[in-house]
Amino acid sequence: MKLKSSIYITAMALAVMAVVSLFVGKYPLTLPGLLAGHEMQLKVFFRLRLSRTVLGVLGGVCLGVAGFVYQTVFRNPLASPDIIGVASGASAGAAAGILFLSGAAAVTAASFAGALLAVILALSLAALDKTGKSGTIVLSGIAVHALAQTLLMGLKLTADPEKELASIEYWIMGSLNGVAVERIFPNALLCLVCLAVLFLLHRQIVLLSVGEEEAQMLGVSVTALRLAVLLTATLMVAAVVSLTGLISFVGLLAPHGARLLTKRDHRGTMALSGLLGGVLLCFADILARSVAATELPVSIFTSLIGAPFLVWLIVRRETRA
Amino acid sequence: MKKIAALLLALVLTLSVAACGVVEQTQEIMENIAVEDELTVEAVSAYPVTVTDQMGREVTIEGYPETLVSGYYISSSALIALGQEDKLVGIEAKADKRPIYSLAAPELIELPSVGTAKEFDLEGCIALEPDLVILPQKLKDAAATMEELGIDVLLVDPENGELLTEMIELFGVALDCRPAAEDLITAMESIEEATMEALLSSSLPTVYLAGNSSFLSTAPNGMYQSDLIAQAGGVNVAAEIEDAYWVEVSYEQVLEWDPEFIILASDASYTVADVYDDPALAGCTAVENGDVYQMPSDIEAWDSPVPGGVLGAAWIATVLHPELVSAEDFAQLSRDFYETFYGLDYEA
């Protein structure tokens, strides 16, 4: 399929998802009711439904783009922001926030700080290796991930099973439920800035993927650029997961989907990856709030759709070879 | 059908005691208990005694248990109510977090901890060499190990009112304190009766019970907390959800239910003020009318099946139906109960 038409179709799909998302939920909303100015319906629409939809679309786009950036920079189809410890850092931060602070905003801040700390630690550890190979970042990421997991385990051990432990477990499963509209603004702004930076750097990101030596020859300062790009992508992911909790598979799945559709690595693919991420997260969230009488963790659905897709991808590659 | 049957039963019960008033009657019962206790010389039952615990295991206790370990706060609280606290040599973790111990049996806080159901200290428990160990049913593997080592273990499962009564009866036989067990059960039943007045109300208001971990976790049908609301003459809005543990719902679900009352669990990690200040809840009937309350937790978590848990339903009844169960009557009931069974001194 042509790149332009894939982007067009996916963007349409995302728009449809967003509209569906606005009208699916436990509180019955009707178009006539909204137009007639029914007070409670308007409140539910603007305070709860709209903010949740924005979070689903923007969060999915950010995770999709970040996933594309990671896979491209590391030239590894399994790379995702998780490999340099952003997810485990965010979880440990959130757990500390749940245990020692109070209020949802404080937990978001703690989780954001945890994610940032983990990434800075991983990148500075990698900087100790003067050869500047991208593999070093992966290795130091694994070390930081293990460290953050240990911290998380320690925090869980001290948590009350009835109260904090339940909150920590639920946070780790991820949910777009109950995120107040006020808390979305600063994170959304950060996400938009990061997205803009990444799209401006798209050419350089693609150059990173051709190989370090080639990129060097083409006049790209590999180490500095890689650091800047990874930091921007990670910042964006941290802004999303600190609000929603961990969301699995979107960052991994969206870039693969985009490449399958276009078979090329350039700006269009990055945009397509973002759009696919948005569709996936929005769709998963619609299911999470509507299939049962209760709210289900969104990662159940992103994984449910993501895992078979990944298997299919592997099988497909083997049959081609 | 069930609801109608419960209502009829409540009607009959209340009419039969209407003449003297349930609260007075309950008080009388508890006063009698206090007198009886002083007079009763505990009859020594013939050991060895064989009992069936709440997992259906047959346990033969060879001699009168002099030392006990209790690994669950509900069994520990029941042991205090049965006057068995002096026999305890080990207790569950975080005993210092439960006000009832510091109020009724401060020496328990100093006892060695045997951990929680999740992290049970098997060796530590064995090292205490207790005559009898009481554990929640989750620890059945630990129980099997201890049995092999020759330590008697009773597994208990007090997850609702009925099972709690069964557990108290089990303790009565196993620990040779039947009269105390009977008194406790009688008192609990009389408090339940006092609460049943609330069921006579012509209106059953809707209630949203917000859980310990967050406002959006709630008690579905099949949870103890949901039963408490029904006993207190209310309708749990989340009863349409079938589950046995806290479930997560959304703000819009709460707004759609639009409960008349919001009650926060005893150990909620947020406050009533937080709920009033939450912009997402503005417009909800309970918030508009100022009907958000938190279950008291200064003595025990009344939303758990401890013996004093019968007061949980009574307290909710004072919130939902103050005209039928007054706050003063409730305070009196609660005071009498804890004075009689836990030796709390309210004057101090």
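The values are calculated or read from the model by the stated rules, or taken from the named source; none is laboratory data. Predicted, not measured: the structure shown is a model, and the values here were computed from it. With ideal geometry, Cβ positions are generated from the backbone for all residues, glycine too; neighbour counts draw on all protein chains shown.
For segment B:104-154, a residue qualifies if it is among the β-branched types (Val, Ile, Thr) and either over 21 Å from B:ASP176 (Cβ atoms) or without any contact (Cβ under 8 Å) to a residue 40 or more places away in the chain (or both), and the qualifying residues are B:ILE109, B:VAL114, B:THR116, B:ILE126, B:THR145, B:ILE151. Restricting attention to segment B:224-238 and to residues that are assigned to a helix (DSSP H, G or I) and touching an Asp or Glu at 6+ places or on another chain (Cβ under 9 Å), the residue that is modelled with the highest pLDDT turns out to be B:VAL237. Check segment B:329-342 and report whether any residue there is among the acidic types (Asp, Glu), at pLDDT 90 or above and touching a strand residue (DSSP E or B) at 6+ places or on another chain (Cβ under 8 Å). No - not one qualifying residue is present in segment B:329-342.
Residues checked against (1) in the same structural domain as B:SER76 (by TED's automatic domain parsing); (2) under 23 Å from B:GLN84 (Cβ atoms); (3) touching a helix residue (DSSP H, G or I) at 6+ places or on another chain (Cβ under 9 Å):
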{"position": "B:GLU159", "(1), (2), (3)": "yes, yes, yes"}
{"position": "B:GLU162", "(1), (2), (3)": "yes, yes, no"}
{"position": "B:ALA181", "(1), (2), (3)": "no, yes, yes"}
{"position": "B:GLU197", "(1), (2), (3)": "no, no, yes"}
{"position": "B:ALA210", "(1), (2), (3)": "no, no, yes"}
{"position": "B:ALA219", "(1), (2), (3)": "no, no, yes"}
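Does B:ILE263 satisfy the condition of being assigned to a strand (DSSP E or B), within 21 Å of the chain's Cα centre (by Cα) and at pLDDT 90 or above? Here the answer is yes, as B:ILE263 does meet what is asked. Condition check for B:ASP121 on (1) in contact with a Gly (Cβ under 7 Å, 6 or more places away or on another chain); (2) crowded, with 19+ Cβ neighbours inside 10 Å: one failure, at (2).
Residue pairs whose Cβ atoms lie under 8 Å apart, sitting 6 or more positions apart in sequence or on different chains, and linking a residue in segment B:245-263 that is closer than 21 Å to B:LEU320 by Cβ and more than 9 Å from chain A (Cβ to nearest Cβ) to a partner that is among the basic types (Lys, Arg) and in a helix (DSSP H, G or I), do not occur here.
If you check B:ILE126, B:ILE91 for being at pLDDT 90 or above, of a type in the set (A, V, I, L, M, F, W, C) and buried (at least 23 other Cβ atoms within 10 Å of the Cβ), only one passes: B:ILE91. The residue pairs whose first member lies in segment B:320-347 and is closer than 23 Å to B:ILE185 by Cβ, whose second member is modelled with pLDDT of 85 or more and in a loop (DSSP other than H, G, I, E, B), and whose beta carbons are closer than 7 Å, counting only pairs six or more residues apart or on different chains, are B:TYR338/B:ILE299; B:TYR338/B:LEU344.
Tallying residues that are buried (at least 20 other Cβ atoms within 10 Å of the Cβ) and at pLDDT 85 or above within segment A:150-163 yields 2.
Could you say whether any residue in segment B:225-239 is under 16 Å from B:HIS321 (Cα atoms) and within 14 Å of chain A (Cβ to nearest Cβ)? Within segment B:225-239, one or more residues are under 16 Å from B:HIS321 (Cα atoms) and within 14 Å of chain A (Cβ to nearest Cβ).
Criterion first (of a type in the set (Val, Ile, Thr) and at pLDDT 90 or above) does A:VAL73 satisfy it? So A:VAL73 fails the test. Of all residues in segment B:278-301, those that are of a type in the set (D, E, K, R) have Cβ atoms under 7 Å from Cβ atoms of residues that are part of a loop (DSSP other than H, G, I, E, B), 6 or more apart or on another chain, in B:ASP291/B:GLU260; B:GLU300/B:VAL306.
Between A:ALA109, A:ALA159, A:ALA166, the distinction of being touching a residue at least 60 places away in the same chain (Cβ under 8 Å), closer than 24 Å to B:VAL249 by Cα and within 14 Å of chain B (Cβ to nearest Cβ) belongs to A:ALA159 only.
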